[in-house]
Amino acid sequence: MSFGYDISTDAGILRFALGDTAENIGPRPGARNFSDAEIAHLLNVANNDIDQATLAGLEILSNEWSAYAGSQKLGPEAQAFDQAKEYAKRASELRVQIGSRHNRNGRGGFAVTTQPARIAS
């Protein structure tokens, strides 16, 4: 799996927003990173809109942590479920921010980089 991080690129900004900036200590279960191909795919399906790509990435993280917790037969109080909830909460907050910016000026902006995804510890 290829991993690259350069904050001066859209892919790097997306990685930063997802908390995926260091190889082999990524935000996914098992400390996995998104591959470069997956980051490129998120940007592609979002028409290079970093907000939308970040939203999709956060939803993927929420789904993966929820599935991980379920596969380990962990109870609802488990840290993996907390992480899934945090990613879902951040996705919901971002969805509101995106809608607010689009409604206010007819176009989006990128404000997520100041609030990388918080992971329960």
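At a glance:
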| read-out | value |
| --- | --- |
| Filtered residues of the stretch 3-46 (kept if of a type in the set (Asp, Glu), touching a residue at least 12 places away in the same chain (Cβ under 8 Å) and farther than 21 Å from Tyr68 by Cβ) | Asp10, Asp36 |
| Filter result (hydrophobic (A, V, I, L, M, F, W, C) and at positive phi) within the stretch 2-40 | Ala31 |
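All of the numbers you see were taken from the coordinates with simple rules; none came from a lab. Values in this document were obtained by computation on a predicted structure and should not be read as measured data. No Cβ is skipped: glycine too gets one built from the backbone with ideal geometry, and neighbour counts run over all protein chains shown.
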